[in-house]
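Working notes for the structure below.
The values are calculated or read from the model by the stated rules, or taken from the named source; none is laboratory data. Note that the structure is predicted; figures quoted are calculated from it, not measured. Note that we place each Cβ from the backbone using ideal geometry, even for glycine, and neighbour counts take in every protein chain shown. Side chains included, ligands, DNA and RNA excluded: accessible areas come from the protein's heavy atoms. Shrake-Rupley method; radii C 1.70, N 1.55, O 1.52, S 1.80 Å.
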Amino acid sequence: MADTAVMPMLNQRGYHPIELTSVMFRALDVAEASDTKEKTRHLRTRVISPDEVELWARISAAGWATEHESLADFMYGFGSISAQCRGAYPYIAEIADEAIATGMLFIQGQVALIAGASTVPHGRNKGAQNALLAARLGFAAGRGCILAVMGASPGSQSQKIHRKTGSI
């Protein structure tokens with residue numbers, strides 16, 4: 001728990017932090033595994049196939065670039081690698097077969113890490129991230145996970161959504 005005022009102090013001491021993150025967590029219940037139906041009928045969420053890594057990385061980077069343009073190339077490269085990691089389940093949300101949002105799920109033992117939420121500008125405010133979150137939590141519960149964890153920038157839209165919905 002730190003205030004953003006700590007950043008300059010850390011910089012003066014030779015550290016170069018790039019962000020502050022709030023870590024949120026919650027217990028998962030096996031009942032969630034059976035409740036994975038989308039709440040928004042016009043959206044389809046799914047784990048990508050191995051031949052869709054480039055698509056997933058491109059959509060992820062496009063969503064991040066609107067907020068942090070300088071991160072586009074980095075996020076594309078990072079997404080291309082992370083989508084192929086052991087324990088990774090890269091999710092995509094589509095409307096009428098058009099990819100509009102991504103989200104990542106990493107599973108290690110009984111812990112699910114929810115990460116990588118990104119939505120392209122014209123796909124925002126359509127429920128994609130809520131649908132992706134529900135799908136990932138249900139999938140993780142079905143795989144025996146008992147704890148879900150996620151990080152978000154303090155005060156960010158992600159943190160507000162998850163606090164409001166109680167999802168994590």
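With the cut-off at 29 Å, report for the chain the share of all Cα pairs above it, as a whole percent.
Of all Cα-Cα pairs in the chain, 19 percent lie more than 29 Å apart.
Ligands, DNA and RNA left out, the accessible area of the chain computed with a 1.4 Å probe is 56% carbon and sulfur. For the chain, the per residue solvent-accessible surface stands at 60 Å², with DNA, RNA and ligands left out and a 1.4 Å probe. Of all the options L113, L55, L20, the one that moves most in a Gaussian network model of the chain with Cα springs shorter than 10 angstrom is L20. Of the residues Q108, I95, H122, the one whose Cα sits farthest towards the positive end of the charge dipole of the chain is Q108 (charges of +1 on Lys and Arg Cβ, -1 on Asp and Glu Cβ, taken about the Cα centre).
With 0.36 nm allotted per residue and the present C-alpha distance subtracted, the V30-I18 stretch has 0.7 nm of extension available. Put simply, the stretch 69-127 fits an ellipsoid with semi-axes of 21, 16, 10 Å; these come from the alpha carbon gyration tensor as the roots of five times its eigenvalues, largest first. Using 0.36 nm per residue and subtracting the Cα-Cα separation, the extra length available between D73 and V47 on full extension is 7.1 nm.
Largest GNM mean-square fluctuation among S158, S60, S118, using the chain with Cα springs under 10 Å: S158.
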